[in-house]
Amino acid sequence: MRAAAALAHVWRALRRADLGLICDGVHVHPASVKIASRARAESLVLVSDGIVALGLPPGVHQFGDVGAVEIVGGDTAYRAGTRTLAGAVVTLD
């Protein structure tokens, strides 16, 4: 997501009652999380997009009907053979 689009997304979210951000360093940039936490700490909800592959080493892993997932760089999982994000493989801590 480009910086302007990301900022617009966060700005729209700041207007709502609760603000949920996927805080894994993949979906939302850490600087955006910091800005949101300063602006709306009382209603910020930290969300994980961790998938079943969380904790597995880099490589391709098969998960039943879900299909194959490729872990790249230790923090990101793509649908195997593509650059389509499958989810994160990091924890919030």
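Coordinate-derived values only; no laboratory data. Just so we're clear, the structure is a prediction, and the values are computed from it rather than from any experiment. Don't worry about glycine lacking a Cβ; one is built from the backbone with ideal geometry, like all the others, and counts go over all protein chains shown.
Taking amide H as placed 1.01 Å from N in the peptide plane, residue 49 has its amide H under 5 Å from the amide H of 88, each at least 5 places away in sequence or on another chain. The phi torsions of segment 88-93, fed into the Karplus equation with coefficients 6.51, -1.76 and 1.60 and a -60° offset, translate into couplings of 9, 10, 10, 8, 6, 8 Hz, rounded to whole numbers, with Gly and Pro shown as x. In segment 1-74, Cα pairs under 8 Å separated by at least six residues give a relative contact order of 23 percent.
Go through 10, 25, 61 and say which Cα lies farthest out towards the positive end of the charge dipole of the chain; charges sit on Cβ, +1 for Lys and Arg, -1 for Asp and Glu. Checked the options; the winner is 10. For the chain, the Cβ-based charge dipole about the Cα centre amounts to some 540 debye (Lys, Arg positive; Asp, Glu negative; other atoms uncharged). Note on residue 47 and residue 2: the extension gain reaches 14.1 nm, defined as 0.36 nm multiplied by sequence separation minus the Cα-Cα distance.
Whole-Hz Karplus values for segment 57-65 come out as x, x, x, 9, 10, 9, 10, x, 6 Hz, taken residue by residue from phi with 6.51 cos²θ - 1.76 cosθ + 1.60 and θ = phi - 60°; glycine and proline positions read x. With R₀ set to 41 Å, the beta-carbon distance separating residue 34 from residue 84 gives a calculated FRET efficiency near 0.90.
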